[in-house]
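Take a look at the structure below.
The values are calculated or read from the model by the stated rules, or taken from the named source; none is laboratory data. Being a predicted model, the structure only gives us computed values, none of them experimental. Cβ placement follows ideal geometry from the backbone for every residue including glycine, while neighbour counts extend to all protein chains displayed. With ligands, DNA and RNA removed, areas are computed over all heavy atoms of the protein, side chains included. Shrake-Rupley method; radii C 1.70, N 1.55, O 1.52, S 1.80 Å.
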Amino acid sequence: MQEKNSPSLFECREKWLILGESLNGKVMLDTIKKFLKEHDIDEKAGFIITVSGGADSITLLHAFKYLNLRIHALHCNFNLRGKESNMDEQFVKRFCETYGIPMSVKRFETREYAQKKGISIEMAARELRYAWFEEMRLKKKMDYIVVGHHADDLAETLFINICRGTGIKGLTGIRPVKDKILRPLLSRSREEIIAYIEQNQLGYRTDSTNNSLDYVRNKIRHLIIPVCKEINPSFLNTVQENCNTLKEVEQIYKYGIDCLKANIVSEENGEILIDIQKTMASPAPYTFLFEFLRPYGFNATQIEDILHSNEAIPGKQFEAGEYLLTKGRVYWRLFNILEKEEERTLLADSGEYHLDDYTFTLGEQEIDDSFQVPQDSEIGCFDLDKITYPLVLRHWSTGDWFCPLGMKRSKKKLSDLFTDLKFSAKQKKECLILQSGKDIIWVVGHRIDDRYKVSPATKRVLTVKRDTK
């Protein structure tokens, strides 16, 4: 960053008088007071002011101080621009000292954090700063976090969202209030902010990377916005008016989506069922699926493919993170497929054990020629002398195999068994197995292993019964 008008930063506090006489200063102060009133924010509240050292954040800090609001300034040093980053930090410190503003600074190892998380530098800086802002808000017992986004930022963000394809929500721009975050300068342009700075001789820092066209936002700022302002001198006002209109349009849009959801979507045994016929008969099938499935991680291309699968044979699957959607005859079925981390139960002796929503009861007994193997699919019956304790009860995993009863010790993959049984993806994920040593002895509720069956030579039997809790 380069520093603008910095020598005046250390002049006496008589500059407050300049502000009082400044028309631009009055407009800026009235903007903030109007913002607080419109959003029912008590002027006695505490405000965390986020300060980079740029013109917008310095204006914000100065105006909040002039209004005698309770404030605490925060500055992030992301250690991304070497000496420039440190000069920004020193500038903000001197400014706060001059005006008697309490402040805190935190230095971050942003590149290291980004690499560790596998995200961009920009995203890393955002995560780091907002986490710290909230931490300090609570620590300093403040009520809100105030950031300096202005009308030009709103227009730039709108173009970015159009380029990225964020749907109608992206066309509503930046929210003036989101949770505890306030943006009171959204109605003021960058030109007005610079005028405020100059009239009050405040000084500010300019990021040297702001002129680089390597960044999407800078391309929009320097190449697109000026042309829009040339076409329409009131372009920033037009953007704000359109965003405000679209916010109401978005509410109507959400209402319509919710009405469709109530008619099309249902739940059954932990699965979300999307009625295919009703979806296709709706006024906007793609739009409905896009809005409904996007929160689960499905992207636009996947949603198009899902829509086009409406006449495909059942069984087609679409996966997004921990969610899986399968195409059935009547419904698209959506459910969470996140596997439970190493969830297993050791069965060390006879007694009761629990896994998922089931209770398993183990019993041992001597048998004679009159003994008959139970025909209940929820009871597994095994030759106890072939069993090795502790038994392991767990979810199945890829690569599992066993020797199904009646196949005379021929191996079969569980995945092939599931295909034979016409299991849904959800049934596969929920399937439990019982293991003795390295062998699977029971696909619970379906088949036992031929090697562990009760035979005429069996003297002692282990029974395992599954009950719903």
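Listed here are the residues, each with its yes/no results for (1) in contact with a helix residue (DSSP H, G or I) (Cβ under 9 Å, 6 or more places away or on another chain); (2) not polar (S, T, N, Q).
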{"site": "F382", "(1), (2)": "yes, yes"}
{"site": "L393", "(1), (2)": "no, yes"}
{"site": "F402", "(1), (2)": "yes, yes"}
{"site": "R409", "(1), (2)": "yes, yes"}
{"site": "L414", "(1), (2)": "yes, yes"}
{"site": "T419", "(1), (2)": "no, no"}
{"site": "E430", "(1), (2)": "no, yes"}
{"site": "I440", "(1), (2)": "yes, yes"}
{"site": "K459", "(1), (2)": "yes, yes"}
When residues of region 227-260 are limited to those that are of a type in the set (F, W, Y) and surrounded by 14 or more Cβ atoms within 10 Å (Cβ to Cβ), the one nearest to K169 (Cα to Cα)
Y253
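I224 - would you say it is open to solvent by less than 60 Å² (accessible area, probe 1.4 Å) and in contact with a helix residue (DSSP H, G or I) (Cβ under 8 Å, 6 or more places away or on another chain)? Outline the logic, then answer.
Values: open to solvent by less than 60 Å² (accessible area, probe 1.4 Å): no; in contact with a helix residue (DSSP H, G or I) (Cβ under 8 Å, 6 or more places away or on another chain): yes.
For I224, the condition - open to solvent by less than 60 Å² (accessible area, probe 1.4 Å) and in contact with a helix residue (DSSP H, G or I) (Cβ under 8 Å, 6 or more places away or on another chain) - is not met.
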Failed condition for P456, given (1) surrounded by 16 or more Cβ atoms within 10 Å (Cβ to Cβ); (2) without any contact (Cβ under 8 Å) to a residue 24 or more places away in the chain, with all others met?
(1)
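Which residues, counting only those in region 435-469, are polar (S, T, N, Q) and in contact with a Cys (Cβ under 8 Å, 6 or more places away or on another chain)? Show your work before the answer.
Applying the first criterion (polar (S, T, N, Q)) to region 435-469 yields 435-436, 455, 458, 463, 468.
T463 - this is the single residue of region 435-469 that is polar (S, T, N, Q) and in contact with a Cys (Cβ under 8 Å, 6 or more places away or on another chain).
This table checks each residue for (1) in contact with a Ser or Thr (Cβ under 6 Å, 6 or more places away or on another chain); (2) among the charged types (D, E, K, R); (3) closer than 30 Å to Q302 by Cα; (4) open to solvent by 80 Å² or more (accessible area, probe 1.4 Å).
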{"position": "R329", "(1), (2), (3), (4)": "no, yes, yes, yes"}
{"position": "N336", "(1), (2), (3), (4)": "no, no, yes, no"}
{"position": "S350", "(1), (2), (3), (4)": "no, no, no, no"}
{"position": "T361", "(1), (2), (3), (4)": "no, no, no, no"}
{"position": "V392", "(1), (2), (3), (4)": "no, no, no, no"}
Within region 323-341, restricting to residues that are in a loop (DSSP other than H, G, I, E, B) and under 13 Å from K426 (Cβ atoms), the one that is modelled with the lowest pLDDT is E339
By residue number, the members of region 113-129 that are modelled with pLDDT of 95 or more and either in contact with a Pro (Cβ under 9 Å, 6 or more places away or on another chain) or open to solvent by less than 60 Å² (accessible area, probe 1.4 Å) (or both) are L128
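If I ask for residues that are touching a residue at least 60 places away in the same chain (Cβ under 8 Å), open to solvent by 20 Å² or more (accessible area, probe 1.4 Å) and farther than 14 Å from L36 by Cα, which ones from region 175-194 would you list? Full working, then the answer.
Step one: list which residues in region 175-194 are touching a residue at least 60 places away in the same chain (Cβ under 8 Å), which gives 176-177, 182, 184-185, 187-188, 190, 192-194.
Retained after the next criterion (residues that are open to solvent by 20 Å² or more (accessible area, probe 1.4 Å)): 176-177, 187-188, 190, 192, 194.
R188, R190, E192, I194 - these are the residues of region 175-194 that are touching a residue at least 60 places away in the same chain (Cβ under 8 Å), open to solvent by 20 Å² or more (accessible area, probe 1.4 Å) and farther than 14 Å from L36 by Cα.
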